[in-house]
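A.B. asks: So that we are looking at the same thing, I have put the structure below in structure tokens.
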Amino acid sequence: MVSLAATSIAGPADLQLATTYQKGIALQGYWVSEKLDGVRARWDGHALYSRGGYRITAPAWFTRDFPSQPLDGELWIARGRFSEVSAAVRRVEPDSEEWRQIRFMIFDLPASPAPFSDRIEKMQALVAASSSYTLALIDQQPATTHDNLMRQLDKVVAGGGEGLMLHHGNSLYHDGRSQALLKVKIWQDAEARVVGHRQGKGKYQGMLGALEVETPDGRHFRLGSGFTDEERAHPPAIGSRVTYKYAGLTATGLPRFASFLRVRADFPASQGASAK
């Protein structure tokens, strides 16, 4: 497998990014949808690009009937199958059998000047008019109360889902963090860069014990849980970006109960060293 580092780059995509939902935020006017555990992608009318701006080399048939206008969405198979999507999108030569399982689940129209509620109608029309089975729309429902939102979150998580998204119906699309786009999760999550591997002990002898990671503000800590045996045998490369979950911060500002979630599939990884 060859990483996205070997593919063309158009610069980081101008994507709208979510902030975290807090109890007390008025939910009137928001739409709620499931937060899918796939790979974020943007269709520019001609090709698919990752969040980091790297070209995703999907098979020609996958995007043949996509519309000419830009789409923002998630390449996704099903709950709990992120690693399969990640493997598929990181290949320079796409594997058609892998891609036949994937759908591009759209949730926004970056070039549209309309408010989000109107963009939902436009997305519904685009999907209905498309002959491509690879294009689908993430279900959007009006948000009601905090209690209902929490019940919906519990149901999604119990079914193996990751969380929920809230998007205000009156908001316009713009790149960067937005208070109009909120993620609703039991755990918080963040990203860090892998800077070292720590050798495992006991049953993990000869495998990864923990990743040493660096946050964007230069803080270092270790991730020692959340890995499968396969991930411990073949750990994320040094230089790669990983997503981890945590429950708040310690008094020193480090993530509390931090646990590995996944490698960021849209970021090129440098070749890492073995665990030490």
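A.B. asks: Limited to region 85-111, what total is found for residues that are among the basic types (Lys, Arg), in contact (Cβ under 8 Å) with a residue 24 or more places away in the chain and under 18 Å from Ser132 (Cβ atoms)?
C.D. replies: Going residue by residue through region 85-111, those that are among the basic types (Lys, Arg) are 90-91, 100, 103.
This time we only want the ones that are in contact (Cβ under 8 Å) with a residue 24 or more places away in the chain, so: 90-91, 103.
With the extra rule that they be under 18 Å from Ser132 (Cβ atoms), the set shrinks to 103.
Residues that pass the stated criteria total 1.
A.B. asks: Within the bounds of region 64-84, is there any residue that is surrounded by 20 or more Cβ atoms within 10 Å (Cβ to Cβ) and in contact with a His (Cβ under 6 Å, 6 or more places away or on another chain)?
C.D. replies: Within region 64-84, not a single residue is surrounded by 20 or more Cβ atoms within 10 Å (Cβ to Cβ) and in contact with a His (Cβ under 6 Å, 6 or more places away or on another chain).
A.B. asks: If we scan region 59-68, do we find a residue that is assigned to a loop (DSSP other than H, G, I, E, B), modelled with pLDDT of 95 or more and either assigned by TED's automatic domain parsing to the domain that holds Pro235 or over 24 Å from His167 (Cβ atoms) (or both)?
C.D. replies: yes
A.B. asks: If we keep just the residues of region 147-163 that are aliphatic (A, V, I, L, M) and in contact (Cβ under 8 Å) with a residue 40 or more places away in the chain, which is farthest from Arg81 (Cα to Cα)?
C.D. replies: Leu149
A.B. asks: Of the numbered conditions (1) assigned to a loop (DSSP other than H, G, I, E, B); (2) in contact with a helix residue (DSSP H, G or I) (Cβ under 7 Å, 6 or more places away or on another chain); (3) β-branched (Val, Ile, Thr), Ile106 satisfies every one except a single condition; which is it?
C.D. replies: Among (1) assigned to a loop (DSSP other than H, G, I, E, B); (2) in contact with a helix residue (DSSP H, G or I) (Cβ under 7 Å, 6 or more places away or on another chain); (3) β-branched (Val, Ile, Thr), the lone unmet condition for Ile106 is (1).
A.B. asks: Now for a different question. Is at least one residue of region 80-97 in a strand (DSSP E or B) and within 27 Å of Phe227 (Cα to Cα)? So that I can check it myself, show each step before the final result.
C.D. replies: If we filter region 80-97 for residues that are in a strand (DSSP E or B), which is where we start, we get none.
No, region 80-97 contains no residue that is in a strand (DSSP E or B) and within 27 Å of Phe227 (Cα to Cα).
A.B. asks: Looking at region 130-194, what strands (runs of 3 or more DSSP E) fall wholly within it and have at least 1 residues that are exposed (fewer than 14 other Cβ atoms within 10 Å of the Cβ) and in contact with a strand residue (DSSP E or B) (Cβ under 6 Å, 6 or more places away or on another chain)?
C.D. replies: Working: elements: 135-137, 163-168, 176-184.
So the answer is 176-184.
A.B. asks: On the given criteria, is Gly80 on the phi > 0 side of the Ramachandran plot, of a type in the set (Gly, Ala, Ser) and at pLDDT below 95? Lay out the reasoning, then the answer.
C.D. replies: Values: on the phi > 0 side of the Ramachandran plot: yes; of a type in the set (Gly, Ala, Ser): yes; at pLDDT below 95: yes.
For Gly80, the condition - on the phi > 0 side of the Ramachandran plot, of a type in the set (Gly, Ala, Ser) and at pLDDT below 95 - is met.
A.B. asks: Return the residues of region 35-52 that are surrounded by fewer than 19 Cβ atoms within 10 Å (Cβ to Cβ) and farther than 17 Å from Val242 by Cα; say none if nothing qualifies.
C.D. replies: If the condition is that a residue be surrounded by fewer than 19 Cβ atoms within 10 Å (Cβ to Cβ) and farther than 17 Å from Val242 by Cα, then Asp44, Gly45, His46, Ala47 are the ones that fit.
The values are calculated or read from the model by the stated rules, or taken from the named source; none is laboratory data. Given the structure is predicted, the values throughout are model-derived calculations rather than measurements. Here Cβ is always computed from backbone atoms with ideal geometry, including for glycine, and neighbour counts include all displayed protein chains.
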